[in-house]
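*Asks:* This structure is in structure tokens; I'll ask about it shortly.
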């Protein structure tokens, strides 16, 4: 119950994963958001694995390792956010350079593999996520805790992340929201880009 409550509060709070899922849902649609969600889930599996085997102590105790992780994560989030500005400009340029098909709806390519990698790296390079799992497992997991219990904790967390971000994907890929995004796409994309950049800067100045 302790793990369920703590994890529910953590997964429901806005962060890099949430911002990325919303951006993917509104820009590319539900399937790409689900692939992003799958990448996030794999990242969570990695965090859970090293937290359970004790490798998480390295992040908690080693200043250089923590600094390296947070710097990489921050740079990647800022990179994702800056791409929002480049991508929207490219879309507008392609439409303006194609007068024959300019009256047709422009569909952005759906990069499924890239979406999976983006989700994985966004979660994996976020030391906040790693520290969260280390803190939670240090409270409820002991040397005498049976392995099936540990596996059950990990399965529950991954499952709840998939469910939560799956619901977010469905919500923000609704037709009414996608139509709004199509109308105000450039501005919406830039807003989400700014949010990702701000999250990256916040992560950059995070202290252990």
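Yes/no matrix, rows are residues, columns are (1) closer than 25 Å to residue 160 by Cβ; (2) modelled with pLDDT of 75 or more; (3) touching a strand residue (DSSP E or B) at 6+ places or on another chain (Cβ under 6 Å); (4) in a helix (DSSP H, G or I):
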residue	(1), (2), (3), (4)
21	yes, yes, no, yes
36	yes, yes, no, yes
43	yes, yes, no, yes
58	no, no, no, yes
100	no, no, no, no
116	yes, yes, no, yes
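*Asks:* Got a number for residues in the stretch 167-186 being modelled with pLDDT of 70 or more and either touching a helix residue (DSSP H, G or I) at 6+ places or on another chain (Cβ under 7 Å) or part of a helix (DSSP H, G or I) (or both)?
*Replies:* Within the stretch 167-186, residues that are modelled with pLDDT of 70 or more and either touching a helix residue (DSSP H, G or I) at 6+ places or on another chain (Cβ under 7 Å) or part of a helix (DSSP H, G or I) (or both) number 9.
*Asks:* Taking the stretch 1-18 only, how many residues are more than 15 Å from residue 159 (Cα to Cα), surrounded by fewer than 22 Cβ atoms within 10 Å (Cβ to Cβ) and under 15 Å from the mean Cα position of the chain (by Cα)?
*Replies:* Looking only at that region, the number is 4.
The values are calculated or read from the model by the stated rules, or taken from the named source; none is laboratory data. Values in this document were obtained by computation on a predicted structure and should not be read as measured data. For neighbour counting, all protein chains shown are included, and Cβ atoms are generated from backbone atoms with ideal geometry for every residue, glycine included.
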